[in-house]
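The values are calculated or read from the model by the stated rules, or taken from the named source; none is laboratory data. The model shown is predicted, which means the values in this text are computed figures rather than measured ones. Glycine gets a Cβ as well: all are built from the backbone with ideal geometry, and neighbour counts include every protein chain shown. Note: accessible area is taken over every heavy atom of the protein model, side chains too, but ligands, DNA and RNA are not part of it. Shrake-Rupley method; radii C 1.70, N 1.55, O 1.52, S 1.80 Å.
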Amino acid sequence: MLRNKLKEIDLSQSLIFLILLALLFTFILYPLIRVLYVAFTEADSLSLSHFINFFERALFKESFLNSLSAGLMAVIFGSLISLPLAFFTIKYDFKGRTLIQTLGILPLVMPPFVGAVALQLILGRSGVFNLLLLKWFGTSVPFMEGLRGVIIVQTLHYFPFIFLNASASLANVDPSLEEMAQNMGSHGLRLFRRVTLPLMMPGYVAGILLVFIRVIDDLGTPLMLNYTKMLAPQAYLRVTTIGVEDKAGYVICVIMVVLSLLSLWGAMKFLSLSEYAMVQRGGAGTPISKKIGGWRLVFVLVFCFFVLGVSLLPHLGIFVLSFAKVWSFSILPKSYTLNHYVEIFFRTPHFVKNTLLYCLLAAGIDVLLGSVIAFLLIRGKVFGKGLLDAIATMPLAIPGVVLATGYLRVFHGTNLPFFHQPLTSLWIILVIAYSARRLPYTLRSCYASIQQIHISLEEAALNLGANRRKTFFRITFPLMTGGLIAGGLLAFITSSVELASTIMLVPRMEYGPLSYGIYIYMQSAVGRGPGAALGVVAILLVATGTYLVNRVFAGGSGTAFKL
Amino acid sequence: MNKASEVRLINLGKKFGEVEAVKDVNLTIERGDFFTFLGPSGCGKTTLLRMIAGFTRPDQGTILFDGVEVNDIPPWKRDVGMVFQSYALWPHLSVFENVAFGLKERNLPKAVVQEKTLRALSMVNLEGLERRRPSELSGGQQQRVALARTLVIEPRLLLLDEPLSNLDAKLRIQMRQELVRIQRDLGITSIYVTHDQEEALTLSTRIAVMSKGHVVQVGSPKEIYENPKSQEVADFVGTSNFFSGSVVEELKDKLRVRTEEGVMLAVERQPELPLGIGSNLLLNIRPESFRISDADEVSSGENRVEGVVKTSAYLGSLVQYEVEVSGGKRVKVNLVNPRKKSLLREGERVSLTFSSEDVIAIPFGR
Ligand SMILES: Nc1ncnc2c1ncn2[C@@H]1O[C@H](COP(=O)(O)OP(=O)(O)OP(=O)(O)O)[C@@H](O)[C@H]1O
Ligand SMILES: [Mg+2]
């Protein structure tokens, strides 16, 4: 038995495996362990005292509850928007349905912290909307104050995750299951409640858990709105202002990881469950989409375009702002200029340049790691694949703030051999952080594309005398390029708008990438124009990337954003 | 069950874009019938059934239940029960909940739901499996759940779309018998769709053979098999040996026909087929109609052709031969109960005899 098993182990594969394991351990697991260690020890012995302190302090308790309720609210409001959208576009057949499906993912192409700025211009205290309200009714509504603002921004930004997952699971419900219910006398809302909803539930729940993870993770939105009574900004403030020795920051990190892990675990469980509702064999399986007209059609169109209109307001706002000379206390800017673009492309070009450099590097690293790990996981003859998979997937549940805190903790004090400074003083730390954060996405994409390749294609090559390494590079690799490109693009676009780990890890101003630039510019009133211009660049980058990913995947809009 | 319905289809038609899935179907399905639509894949059977259930709207024509038009009645008000080919069991509900679904939909009291559900489950021999999920059942058990779920609401009409096609051969035969038993017990009007001719023949009281959206012949299993009205039907139902020829002589109750191969055959004269000398017709002889004798053995059969055994296949209960007769034509010959006789070898000369009653005449060109 054992000897047979040993025979199946490939030595050179094992070597690669060990190197990978060491890499992932150093940059993912170890920093996390250090964070846990600090949080759970008092003078080097195990203790829960920091956690007790945490929940005894009013500010932290409030932050904890705020984060939870922001997550909950974003999920509730996101569902109120997404469920009808998904239902209408899947179940009803009308002109404009595809347009709505496409517009529905556009909120994702805007980094949430950019959206926060834009929404403040529109819904903020002196934003367009309130100015109009004042003018017409002599009153104003403080939409963007405090937690409320955070929730609005996050809802409008993240609801597409729910929309996409709900649409996909709704479309996957076997139509004969619904027809059968009609045949049994059920229809309308009752049919939806008794059959359709339970069947689409797992996919939908997975979607809301993903949103929850992102809300917990999101540092940019609260910072931009200057609301810090939430977990991520508290951790950030503790670590950056009080220092790496402050225990409370670590405790918050641990709490964030636990929340994310629980949600991720739930999401995966529900996703695997969601397959049971899929189309079964045989039978006439034409999805039921009903042609609608009259007042129903009007209602559906008004709802969809109102919701999408509101969710695309930030895009419009940021676009106008980037061309505005002065825009304050007026409904629209008084005059327009191209100066902000001149500023960002000629005076501070390093923001855009750094982003391209870091994110391309990170994407390259992820593609390399992702494809090799995926290959080992699927075809490799080594022990301990599960461990490799687990560590590589872990970043999904490590918020950016936590990873950055871990890096600061691990790498801050020690000089690297040849550079004579610590890793945290080099810009490469950003590339490493991005690679680690996005590895799970690339890995998934690579995994899926390798799985599609039938092993016999490789065996044919081996059979013809090519060795394992040659086979990988000449057969397997070219066949999986589509998945690799998609995975790389995904890593690229999401890294280019990563704020949380960026602002914690940027060693010096001139090493800052685009997201950092936006953050810095937006701190001052005069910087808002150039900040918005950078925001437009970010949106264009993400939009192009998303478009390309979907082209490569050819799986319809939004494939890239499902877990 | 006394609410079984009579169904009439008048000029029923449905197009999907350019494809005419169902064309000009006119039929009456009697109360208590076990009526089968039989036809090759893609001939429109499912479409027809879905129109009766109300899932698909006909482009033209009328559907009447007991003389009342139902075209505009939505599926949930038609009170017909349908069994899908894929069973369409709800994976999120237990066996009990699946079967009870329609009863709850009718807002029956809990005790009644309980009692009727259990009775339906016992009717299909599924006692004790109430708590299971559909995914924890075998194919045959899933099939029974689907059937029980449909029967429990006591529909006026039972529709079955190839319900046995996902089962293995043995189970299929067993389920066939159960289906017949339950249908006859309940007396429920049933419409069954299949492309399996054997299934159609054993189950049905009446059969409609379909081809390319049309109903080409309606009749009892015996009529369809023994008296197909076209080559299409003859070919689809059972195995056939076709000869085309023309009438050369008219006798009192027989016709003499010369086939293209030059064989002279005696054919029973049929009153509904007025055929004069010179008229062309197609003859069909079923493989089991032949008797085989050695070439030199004398036989009293009315028809006799000589040939050489080309292939033989031993199937246990019968042997299938292919015999080459004059003109190079090969005919399929089945010999049942071969145990009593010694088998013929390939290359052996035989003479085939068969009665004139076993020759099915089909007017040519129809
Ligand atoms: N929803 C649809 N849209 C377009 N064409 C359809 C649709 N449903 C059926 N058809 C076409 O109509 C014809 C009849 O289909 P139908 O499903 O009724 O055949 P069937 O006799 O049930 O076949 P099978 O034995 O394979 O189930 C086929 O040519 C099919 O391609
Ligand atoms: Mg069919």
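The condition of being buried (at least 16 other Cβ atoms within 10 Å of the Cβ), more than 16 Å from ligand 2 (Cβ to nearest atom) and at positive phi holds for only one of B:Glu130, B:Glu154, that being B:Glu154. Residues in the stretch B:123-159 that are away from every other protein chain (no Cβ under 13 Å) and farther than 30 Å from B:Leu64 by Cβ: 14 in all. When residues in the stretch B:99-124 are screened for being under 17 Å from B:Gly140 (Cα atoms), touching a helix residue (DSSP H, G or I) at 6+ places or on another chain (Cβ under 6 Å) and not in a loop (DSSP other than H, G, I, E, B), 3 of them pass.
Taken as a whole, the stretch B:51-64 holds no residue that is within 15 Å of ligand 1 (Cβ to nearest atom), within 13 Å of A:Met180 (Cα to Cα) and β-branched (Val, Ile, Thr).
B:His195 passes every criterion in (1) of a type outside the set (Val, Ile, Thr); (2) open to solvent by less than 10 Å² (accessible area, probe 1.4 Å); (3) over 17 Å from B:Val99 (Cα atoms); (4) at pLDDT 90 or above apart from (2). Of the strands (runs of 3 or more DSSP E) lying entirely inside the stretch B:126-236, those containing at least 2 residues that are away from ligand 1 (no atom under 16 Å from the Cβ) and closer than 16 Å to B:Phe37 by Cα are B:157-161, B:214-219.
Selection of first residues in the stretch B:65-78 that are more than 14 Å from chain A (Cβ to nearest Cβ) and of second residues that are assigned to a loop (DSSP other than H, G, I, E, B), restricted to Cβ pairs under 7 Å at least 6 apart or on distinct chains, gives the following pairs, ordered by first then second residue: B:Phe65/B:Ser5; B:Phe65/B:Arg156; B:Asp66/B:Ser5; B:Asp66/B:Glu6; B:Asn71/B:Pro58. Scanning the stretch A:63-98 for residues that are touching a strand residue (DSSP E or B) at 6+ places or on another chain (Cβ under 8 Å) and either within 22 Å of A:Gly146 (Cα to Cα) or of a type outside the set (Lys, Arg) (or both) turns up A:Tyr92, A:Asp93, A:Phe94. State all residues of the stretch B:160-205 that are over 21 Å from B:Arg119 (Cβ atoms), within 14 Å of another protein chain (Cβ to nearest Cβ) and out of contact with any Lys or Arg (no Cβ under 9 Å at 6 or more places or on another chain); if no residue qualifies, say none. Within the stretch B:160-205, B:Leu167, B:Ile191 meet the criteria. Considering A:Asp174, A:Asp217, the condition of being within 12 Å of another protein chain (Cβ to nearest Cβ), in contact (Cβ under 8 Å) with a residue 12 or more places away in the chain, on the phi < 0 side of the Ramachandran plot and not β-branched (Val, Ile, Thr) is satisfied by A:Asp174 alone.
When you check B:Phe96 against the structure, is it open to solvent by 30 Å² or more (accessible area, probe 1.4 Å), in a helix (DSSP H, G or I), of a type outside the set (D, E, K, R) and more than 16 Å from ligand 2 (Cβ to nearest atom), yes or no? When the stated conditions are applied, B:Phe96 passes them. The residue list A:Pro142, A:Pro111 contains one member that is open to solvent by less than 30 Å² (accessible area, probe 1.4 Å), of a type outside the set (A, V, I, L, M, F, W, C), in the same structural domain as A:Gly203 (by TED's automatic domain parsing) and over 25 Å from A:Val302 (Cα atoms), which is A:Pro111.
Quick one: would you say B:Gln114 is within 16 Å of ligand 1 (Cβ to nearest atom) and open to solvent by 30 Å² or more (accessible area, probe 1.4 Å)? Answer is no for this residue.
You will find that of B:Leu201, B:Leu164, the residue that is under 24 Å from the mean Cα position of the chain (by Cα), without any contact (Cβ under 8 Å) to a residue 40 or more places away in the chain and within 16 Å of ligand 2 (Cβ to nearest atom) is B:Leu164 and no other. Filtering the stretch B:1-36 to residues that are hydrophobic (A, V, I, L, M, F, W, C), more than 16 Å from ligand 1 (Cβ to nearest atom) and surrounded by fewer than 18 Cβ atoms within 10 Å (Cβ to Cβ) leaves B:Met1, B:Ile10. With respect to A:Phe88, is the statement that it is of a type in the set (A, V, I, L, M, F, W, C) and either open to solvent by 30 Å² or more (accessible area, probe 1.4 Å) or outside any helix (DSSP H, G or I) (or both) true? Considered against the rule, which asks whether it is of a type in the set (A, V, I, L, M, F, W, C) and either open to solvent by 30 Å² or more (accessible area, probe 1.4 Å) or outside any helix (DSSP H, G or I) (or both), A:Phe88 comes out as no.
Conditions (1) more than 30 Å from A:Leu209 (Cβ to Cβ); (2) not in a helix (DSSP H, G or I), marked per residue:
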{"site": "A:Leu121", "(1), (2)": "yes, no"}
{"site": "A:Leu131", "(1), (2)": "yes, no"}
{"site": "A:Trp136", "(1), (2)": "yes, no"}
{"site": "A:Ser140", "(1), (2)": "yes, yes"}
{"site": "A:Met144", "(1), (2)": "no, yes"}
{"site": "A:Gly149", "(1), (2)": "no, no"}
{"site": "A:Ile162", "(1), (2)": "no, no"}
{"site": "A:Asn165", "(1), (2)": "no, no"}
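For the stretch B:72-88, the criterion of being open to solvent by less than 60 Å² (accessible area, probe 1.4 Å), within 16 Å of ligand 2 (Cβ to nearest atom), small (Gly, Ala, Ser) and modelled with pLDDT under 90 is satisfied by at least one residue. The requirement of being open to solvent by 30 Å² or more (accessible area, probe 1.4 Å) and more than 14 Å from chain A (Cβ to nearest Cβ) is fulfilled somewhere in the stretch B:37-55, by at least one residue.
For the stretch A:397-422, a tally of residues being open to solvent by 20 Å² or more (accessible area, probe 1.4 Å), assigned to a helix (DSSP H, G or I) and of a type in the set (A, V, I, L, M) returns 2.
Condition (residue is surrounded by fewer than 16 Cβ atoms within 10 Å (Cβ to Cβ) and not assigned by TED's automatic domain parsing to the domain that holds A:Ala116) applied to the stretch A:358-373: is it met by at least one residue? For the stretch A:358-373, residues surrounded by fewer than 16 Cβ atoms within 10 Å (Cβ to Cβ) and not assigned by TED's automatic domain parsing to the domain that holds A:Ala116: present. The residues on offer are A:Val526, A:Val549, A:Val537, and the sole one that is outside any helix (DSSP H, G or I) and either within 14 Å of A:His350 (Cα to Cα) or at pLDDT below 90 (or both) is A:Val526. Among the residues making up the stretch B:101-111, those that are within 14 Å of another protein chain (Cβ to nearest Cβ) and open to solvent by less than 90 Å² (accessible area, probe 1.4 Å) are B:Phe101, B:Gly102, B:Leu103, B:Lys104, B:Glu105, B:Arg106, B:Leu108. Residue-level analysis places A:Ala168 among those that are away from chain B (no Cβ under 13 Å) and in contact with a helix residue (DSSP H, G or I) (Cβ under 8 Å, 6 or more places away or on another chain).
For the residues B:Gly81, B:Gly67, the requirement of being more than 21 Å from the chain's Cα centre (by Cα) and either away from ligand 1 (no atom under 16 Å from the Cβ) or closer than 27 Å to B:Ile153 by Cα (or both) singles out B:Gly67.
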